[in-house]
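*Asks:* First, the structure itself, so that you have it in front of you.
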Amino acid sequence: MLYSEKVMDHFKNPRNVGVIENADGIGEVGNAKCGDIMRIYLKIDNEIISDVKFETFGCGSAIASSSMATEMIKGKPLKDALELTNKAVAEALDGLPAHKMHCSVLAEEAIKNAILDYYKKNGIPYDHSQFPDCDSCQHCN
């Protein structure tokens, strides 16, 4: 079977789908070339992600990665969410096919972009090395 049961479950029954009105941070990633577009919304209280929602236009792996990633950061401090890696998302899904690993990378980048948006909106100083520039992404170029 190409996809794990966890991937299929998160694809068929995605968690945290939707929009947070007046979100504290919004991160969007995607590229017409890869066809996947992901938007993450964060509600943040005292540096804790109290709520997270996503909208993803893309394949089943992109939806499953978004769903799993939001589950992994909900209720967690921002510093923990910043440490979430695409590898951890893929492992939590019991693996993704090699040609679909870029979907988990999108989830990681969307979360980081949402946190960066929160920092910028609130004038919070941040470590620039934690936010890779998406123009240099390997999966879309």
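*Asks:* Tally time: how many residues in the stretch 22-72 are β-branched (Val, Ile, Thr) and in contact with a Leu (Cβ under 6 Å, 6 or more places away or on another chain)?
*Replies:* Number of matching residues: 3.
*Asks:* Considering only the stretch 91-109, I want to know if a residue exists there that is under 14 Å from Ile40 (Cα atoms), touching a strand residue (DSSP E or B) at 6+ places or on another chain (Cβ under 6 Å) and not β-branched (Val, Ile, Thr).
*Replies:* Yes, that holds for at least one residue.
*Asks:* Of the residues that sit in the stretch 88-116 and are over 21 Å from Phe57 (Cα atoms) and charged (D, E, K, R), which one is surrounded by the fewest Cβ atoms within 10 Å (Cβ to Cβ)?
*Replies:* Filtering first and then ranking leaves Asp94.
*Asks:* Let me ask another. Looking at the stretch 41-58 only, could you name the residues that are in contact with a Ser or Thr (Cβ under 6 Å, 6 or more places away or on another chain) and either surrounded by fewer than 17 Cβ atoms within 10 Å (Cβ to Cβ) or farther than 18 Å from Leu116 by Cβ (or both)?
*Replies:* Result: Thr56, single match.
*Asks:* Filter the stretch 1-19 for residues that are surrounded by 18 or more Cβ atoms within 10 Å (Cβ to Cβ) and among the hydrophobic types (A, V, I, L, M, F, W, C); which is nearest to Tyr41 (Cα to Cα)?
*Replies:* Phe11
*Asks:* So which of Met68, Met72 ends up being at pLDDT 95 or above, within 22 Å of Asp94 (Cα to Cα) and crowded, with 23+ Cβ neighbours inside 10 Å?
*Replies:* Met68
*Asks:* Do we find a residue being among the aromatic types (Phe, Trp, Tyr), within 15 Å of Ala107 (Cβ to Cβ) and modelled with pLDDT of 95 or more anywhere in the stretch 49-58?
*Replies:* Checked against the condition, which is being among the aromatic types (Phe, Trp, Tyr), within 15 Å of Ala107 (Cβ to Cβ) and modelled with pLDDT of 95 or more, the stretch 49-58 yields at least one hit.
*Asks:* Could you tell me whether the stretch 111-125 includes any residue that is in contact with a helix residue (DSSP H, G or I) (Cβ under 7 Å, 6 or more places away or on another chain) and without any contact (Cβ under 8 Å) to a residue 60 or more places away in the chain?
*Replies:* No, the conditions are met nowhere in the stretch 111-125.
*Asks:* Given the condition among the acidic types (Asp, Glu) and assigned to a strand (DSSP E or B), answer yes or no: does some residue in the stretch 37-51 qualify?
*Replies:* yes
*Asks:* Of everything in the stretch 52-95 that's of a type in the set (S, T, N, Q) and assigned to a helix (DSSP H, G or I), which residue is farthest from the chain's Cα centre (by Cα)?
*Replies:* Ser61
The values are calculated or read from the model by the stated rules, or taken from the named source; none is laboratory data. As the structure is a computational prediction, the values presented were derived from the model and not from experiment. All Cβ positions, even for glycine, are placed from backbone atoms using ideal geometry, and neighbour counts span all protein chains on display.
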